[in-house]
Amino acid sequence: MSFDVKKIREDFPILQREIYNKPLVYFDNAATTQKPRQVIEAMEHVYSRINSNIHRGVHFLSDRCTEEFERSREMVAGFINAAHSHEVIFTAGTTASINLAAFSFGETFVGEGDEIIVSAMEHHSNLVPWQMLCGRKKAKLKIIPLNEKGELLVEEFEKLISARTKLVTLSHVSNAIGTRHPVEKVIELAHKKDIPVLIDGAQSIQHEVIDVQKMDADFFVFSGHKVYGPTGIGVFYGKEKWLEKMMPYQGGGEMISRVTLEKTSYNRLPFKFEAGTPNYVGAIGLAAALQYLRETGMENIIAYERELTDYGVSKLSEIDNLRLVGTPRERTSVLSFLIDDIHPYDAGMVIDKMGVAVRTGNHCAEPLMDFFKIRGTIRASVVFYNTKKEIDILCDAIEKVKQMFY
Ligand code: PLP
């Protein structure tokens, strides 16, 4: 392995702390990731050296801040290989990006009787905004079903496409059980009928190389906080040809070109979709996070995380009465499981006392839990600052749970 995990961990101040007098083992990465000092320092630099509202100022600080904000946009565009930086819109996060898409795309292109296709495995963020749109427009939501392993049935997806389909929207990786969906195939099939596809990349941007042009996604969204950046910043990428036609989501400053009391003309891309003062500190922090990943090397990260995930699957599979929920062929970094009939919340409480942070519950994917006929799971999500030793500690904590509840 060409990167040194010990050295990487030194970059993350929070990983040095103890919980209940035990070293912190942080496996709640799918909910949010920890931040390297490079990100914290980049944000401190803004507040302590260049803070000023962007775009409208003629003074030195405003100029510098605007420059760094726009450079951050270019950084994001480069990281996902967007054809143009004006295809990158800064939002508050994945949820905000999907709501933007549901409103702007929905108001522009979706009418009564039209159809949107979504999967049965979505985070509520990629389901509820489309339900709301369909409610507003009297449109129909069609659902791609899945199998018992937690994989989407692509053949069934093909059958759902009709002349009324306006958009397909799908997560790249399931946050609840880690399935990596065959988005390339879905996009290819949808594009044969000229239907655009939105990919929710909240759980993929940190685990694989994203090339929106190669993938040919029409829209790609993600949150900064899940990719080692700050909270309150996210990305809505859209192909220029769609963004040009879509109506703005919010009105206000920045998104206008000319305002009279009667009428407003809108600004060019990307500003048309960025009403109000953007989270420029967050954007600069996000760029620092992406730069950190670049320097670490995505190929190193991917190889190490694969090894760690495989180790986790094999260690957990050895534990008696432990059931992995979701056994997809293509899995990314998420291990979701149940220990016998012990309630995930009870198990999570005991695991926590061992200094291990896992998430318990339905993971904002209630329809998926309904499919498996369970209330929730215990979820450990691994990233490149985790270690095999930490997985062993999790396994010990699971044994402790069994001792307590048997
Ligand atoms: N989509 C997926 C797949 C997620 O995992 C999450 C968060 O867990 C979201 C959307 C929502 O992200 P955020 O809360 O950052 O807006």
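The values are calculated or read from the model by the stated rules, or taken from the named source; none is laboratory data. This is a predicted model, so every value here is computed, not measured. Virtual Cβ from ideal backbone geometry, glycine too; neighbours counted across all protein chains shown. Surface accessibility is based on the protein's heavy atoms, side chains included, excluding ligands, DNA and RNA. Shrake-Rupley method; radii C 1.70, N 1.55, O 1.52, S 1.80 Å.
Miscellaneous remarks
- Residue in the range 201-213 that is in a helix (DSSP H, G or I), in contact (Cβ under 8 Å) with a residue 40 or more places away in the chain and more than 12 Å from the ligand (Cβ to nearest atom) present: yes
- Identity of the residue in the range 1-31, touching a residue at least 40 places away in the same chain (Cβ under 8 Å) and part of a helix (DSSP H, G or I), that ends up farthest from THR94 (Cα to Cα): VAL5
- Residue that is more than 22 Å from LEU293 (Cα to Cα), modelled with pLDDT of 95 or more and open to solvent by 20 Å² or more (accessible area, probe 1.4 Å), where the choices are ASP218, ASP194, ASP211: ASP194
- Helices (runs of 4 or more DSSP H) wholly inside the range 292-372 containing at least 1 residues that are open to solvent by less than 70 Å² (accessible area, probe 1.4 Å) and small (Gly, Ala, Ser): 298-317, 344-353
- From LEU152, LEU189, LEU170, residue being without any contact (Cβ under 8 Å) to a residue 40 or more places away in the chain and within 16 Å of the ligand (Cβ to nearest atom): LEU152
- Residues within the range 257-274 that are open to solvent by 50 Å² or more (accessible area, probe 1.4 Å) and either touching a Gly at 6+ places or on another chain (Cβ under 7 Å) or under 23 Å from PHE105 (Cβ atoms) (or both), tallied: 4
- Residues of the range 32-70 classified as open to solvent by 50 Å² or more (accessible area, probe 1.4 Å) and in a loop (DSSP other than H, G, I, E, B), total: 6
- Number of the exception - GLY251 against (1) within 17 Å of ASN126 (Cα to Cα); (2) surrounded by fewer than 23 Cβ atoms within 10 Å (Cβ to Cβ): (1)
- Within the range 1-31, if we keep just the residues that are open to solvent by 20 Å² or more (accessible area, probe 1.4 Å) and under 21 Å from the mean Cα position of the chain (by Cα), the residue that is farthest from GLU390 (Cα to Cα) turns out to be ALA31.
- Hits in the range 74-131 - residues which are within 16 Å of the ligand (Cβ to nearest atom) and open to solvent by 30 Å² or more (accessible area, probe 1.4 Å): ALA92, THR95, ALA96, ASN99, PHE103, HIS123, HIS124, VAL128, GLN131
- Residue ID - farthest from ASP194 (Cα to Cα), chosen from residues in the range 228-243 that are within 10 Å of the ligand (Cβ to nearest atom) and open to solvent by less than 10 Å² (accessible area, probe 1.4 Å): ILE233
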